[in-house]
Protein chains: 2
Amino acid sequence: MTEHRTLRVALLGAGSVGSQVARLLREHGDDLSERSGARLELAGILVRDIDAPRDVELPRELLTTDAEQLILGADIVIELMGGIEPARSYVLQAIRGGADVVTGNKALLATHGAEIFEAADQVGASVSYEAAVAAAIPIIRPLRDSLAGDRIERIFGIVNGSTNFILDKMDREGLDAAEAQRIATELGYLEADPTLDLEGYDAAQKAAILASLAFHTRVSLDDVHREGIESVTADMIEDARRAGSVIKLLAICERIAADDDGDDAVSVRVYPALISREHPLAAVHGGNNAVFVEAEAAGPLMFYGAGAGGAQTASAVLGDVVSAARRHLAGGVGVGESARQNRSVAPIARITTRYQITLEVADQPGVLAAVAGVLGEQGVSIATALQTVEREDSAVARIVIGTHRASEKALSATVARLAANPAVGRVVSVLRMEGE
Amino acid sequence: MTEHRTLRVALLGAGSVGSQVARLLREHGDDLSERSGARLELAGILVRDIDAPRDVELPRELLTTDAEQLILGADIVIELMGGIEPARSYVLQAIRGGADVVTGNKALLATHGAEIFEAADQVGASVSYEAAVAAAIPIIRPLRDSLAGDRIERIFGIVNGSTNFILDKMDREGLDAAEAQRIATELGYLEADPTLDLEGYDAAQKAAILASLAFHTRVSLDDVHREGIESVTADMIEDARRAGSVIKLLAICERIAADDDGDDAVSVRVYPALISREHPLAAVHGGNNAVFVEAEAAGPLMFYGAGAGGAQTASAVLGDVVSAARRHLAGGVGVGESARQNRSVAPIARITTRYQITLEVADQPGVLAAVAGVLGEQGVSIATALQTVEREDSAVARIVIGTHRASEKALSATVARLAANPAVGRVVSVLRMEGE
């Protein structure tokens, strides 16, 4: 067997992912050497408290609280601390010190990606982050490498396992949102502070990362139109179920037609939407993730797997470590994150999609005509309309309208008019319909 | 923008994939330079006949019949000729001349992979072949790079679009095999000589390639247990449909427990099998492909997309070309195909799986007991048994038995005994049941 050069690996963070990375680095040492061409020596593990109790036993002599010293001597730095600081400073320090960086930190990349990739470009270092999106599912590398000779048109998928678990529970067991969230928390699908998941921040961070990579531009969290699942009720899910649909929290990144200035733009958005039960994404249950990628030559591709988990995410980290090691040995420069196509991010008002509008109306003649009239005035075209009376003795009817593609702008105006119309008792819900 | 070094690309073959590669290389030139760091110059296209009519217009001055000369001056050689010779000689010549090779030639890799990868290792060249399996679906790179830090346990999927198209047509439209094949031929899913697809050779070539890569060993076409779809009848598909299953041609590569010598072995096999209609693979329609990969840390992953097509396959080729260009610029050695874990390939007799046995028997008392007795003698345990009489006036009954896991050896012995049993009129079918 060949004599392998040794590369020193610094691990920042020993949480659920970090501890699995440490385990796999030691257990699969020979395989990793064979595949990377280097002996990967775990030089140290940065922790906050050396004496803290841990699930996975870590060699005490590797634990350190001295980040500077650990990073200084490293060839490859694995950042799994999460959060912005001190992760950002450590990553920049590692890059400037000549190390290659592997990170799973989606918050950091979605907010400070530009700064980090520029720093890496300046010194020719690589920054890899397969673990930042969809855990073990290979999605970053396929977008960056496999489709490097193609033109990506659209990315469309379920990238947050926690909210998918909740929506799936509600759909399959008829639970209300609070009960589904309680179970998700118990089973560890939600953090103590569930805001990041429920309000769509986590999915929006991932969408920003995917859009930046796919469209060779720079999209940050603030650019992403974001709606969470707080507004999704058991009734909405039940209505969807009866109509052969399911509600999923979707992340969508797509090229959109040139605006008035003639430049192609991109749209990056996260919201709960109706999709047909026939669509493959409808079959993504529990905490799983699935991402559709549509490219010009390749056509539609789908990537599916677990969306979270310590071991799963560690698998993605180690794949990146092996590539970083090969690159470190070969020298040369890392694959830069090209942002040369400085595309504008279109506001949500420019997006067109199909909508389902559910209204409670007075059960009297002429109401459907009045509602249809409001849509017509705004140029929103009706694809399907269904009027039902809930109970025979009720004076209230329900109208469910499915529209053809319409702009968000026209739709908002329509909904405002409908809400103000005396024949309309209540706008029950407005949902986008995706996946066609 | 940075000044890019020029790399000379030789394209061998201008068929449906080659012509699309030529088109994309020219149309996406700037993007490819940006992503690879090199200007990719199409130096020439090897064709058999310069004057042959072509679907895609190719610049006449690039066409050549002089392979030696074209390869001699190339930095990257793309081999899309198919077949063993002269493709093998050209690929070896390219490697020895210092070029990196990109190929979509599954027949070549499945039969002469060892020779080619050894030649590449000797000079530090890279050989990439994403296009050889499942067209544009990224599967080679995820196995080689993304899962490089994990341990792959099993690969399981539909890797031949032509047979999937036929089986899907038979299932969804109730066609018989001949009619479905006729349509597949008309639509271009089958070649003039359909043997490679129908008899499972194409799927077996891909299985050999996937198993070699995933298990770091060398599996060639001859090692693969291969059964095609010739034996699959409309009746079998209809029976499966009624029972909530579907028949798919599956390629399966898996680690199996140590044999008597204590060494881990692998099993690589291709055959039509029953899977539940609930299984995601059951939803793979038409000419699509889908591959499940189960790894120790990552858990199950699925990759889905078109299984064939000129543009689709060209997308995979160009992804490899971009990586080859980066590597060529960086210098250093290519990622070798590690075959150090020289695992034995287990004979099919050692494999255990579940089976469904369908028998025609005399409709008289005691037959089910006799049949059950034969299975018991051979140690094959019954999971489900169903006896039906087709028509009231018939003297013939049908027995469908689902077994628990049993070895192929025990199963073969059982079927032989059943066929010889006077109570059994006919063994209608024996199918493996997979996907649990």
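Just so you know, all these numbers are worked out from the coordinates, no wet-lab data involved. Quick caveat: nothing in here was measured; it's all calculated off a predicted structure. Cβ atoms come from the backbone with ideal geometry, glycine included; neighbour counts cover every protein chain shown.
In terms of its C-alpha gyration tensor, the stretch A:351-433 comes out prolate, because a/c is 1.5 or above and the ratio a/b outweighs b/c. May I ask for the net charge around residue B:110, where only other residues with Cβ less than 10 Å from the Cβ of residue B:110 are counted and Lys, Arg are +1 while Asp, Glu are -1? Local net charge: -1.
Here the Kirkwood formula puts the hydrodynamic radius of the protein assembly as shown at 29.3 Å, using every distinct Cα pair.
Sparse packing (at most 12 other Cβ atoms within 10 Å of the Cβ) combined with a DSSP loop state is found for the following GluC sites (Glu not before Pro) in the stretch A:1-86: A:3, A:57. In order along the stretch A:130-141, the Karplus-derived 3J(HN,Hα) couplings, from 6.51 cos²θ - 1.76 cosθ + 1.60 at θ = phi - 60°, round to 3, 6, 6, 10, 6, 6, 7, 5, x, 10, 5, 5 Hz, and Gly and Pro are given as x. Around the Cα centre of the protein assembly as shown, unit charges on the Cβ atoms of Lys, Arg, Asp and Glu (plus for the first two, minus for the last two) sum to a dipole of about 240 debye.
Here the stretch A:140-308 has an Rg and Dmax of 16.2, 51 Å, counting Cα atoms alone.
In degrees, nearest 10, range 0 to 90: what is the angle between the Cα axis of helix B:87-96 and the longest Cα principal axis of chain B? Approximately 50 degrees, to the nearest ten. For residue B:387, inter-copy separations between label points set 7 Å beyond Cα along the Cβ vector come to 6.1 nm, shortest first.
The residue in chain B that lies nearest, by its beta carbon, to the axis linking chain B with chain A is given here with the distance in whole angstrom as B:330, 2. In the stretch B:61-83, which residues have a backbone nitrogen under 12 Å from the label point lying 7 Å from residue B:26's Cα in the Cα-to-Cβ direction? So the set is B:61-63.
Rounded to the nearest whole angstrom, the semi-axes of the ellipsoid equivalent to chain A, taken from the Cα gyration tensor as √(5λ), stand at 46, 24, 17, largest first. Straight-distance candidates among the lysines for linking to residue B:169, with alpha-carbon spacing under 19 Å and chain neighbours fewer than 8 residues away dropped: B:248. Starting from the label point of residue B:61 at 7 Å along Cα→Cβ, the same points in the other copies fall at 6.8 nm, in ascending order. Excluding residue A:254 itself, calculate the net charge of residues whose Cβ lies under 10 Å from the Cβ of residue A:254, where each Lys or Arg counts +1 and each Asp or Glu counts -1. That sum, taken over residues with Cβ under 10 Å, equals +1. What angle, in degrees between 0 and 90 and rounded to the nearest 10, separates the Cα long axis of helix B:201-215 from the longest principal axis of the Cα atoms of chain B? Computed tilt is about 70 degrees. Backbone geometry of the stretch B:420-427 corresponds, through the Karplus equation with coefficients 6.51, -1.76 and 1.60 at θ = phi - 60°, to 3J(HN,Hα) couplings of 8, 6, x, 6, 8, x, 7, 7 Hz, x marking Gly and Pro.
Qualifying chymotrypsin sites (Phe, Trp or Tyr not before Pro) in the stretch B:92-198, where qualification requires a DSSP coil assignment and no more than 13 other C-beta atoms within 10 Å, are lacking entirely.
If R0 equals 25 Å, the separation of the Cβ atoms of residue A:264 and residue B:39 corresponds to a calculated FRET efficiency of about 0.60.
Amide H to amide H, with H built 1.01 Å from N, residue B:153 comes under 5 Å of B:294, B:295, B:296, counting only residues 5 or more places away or on other chains. Distances between copies of residue B:174, taken at a point 7 Å out from Cα along the Cα→Cβ vector and listed shortest first: 3.6 nm. Taking other residues whose beta carbon is less than 14 angstrom from the beta carbon of residue B:175, and scoring Lys, Arg as +1 and Asp, Glu as -1, yields -4.
Here the gap between residue A:436 and residue A:4, fully extended at 0.36 nm per residue and compared with their Cα-Cα distance, gives a gain of 150.4 nm. As a calculated quantity, the FRET efficiency between residue B:277 and residue A:276 at R0 = 22 Å, using C-beta atoms, amounts to about 0.80.
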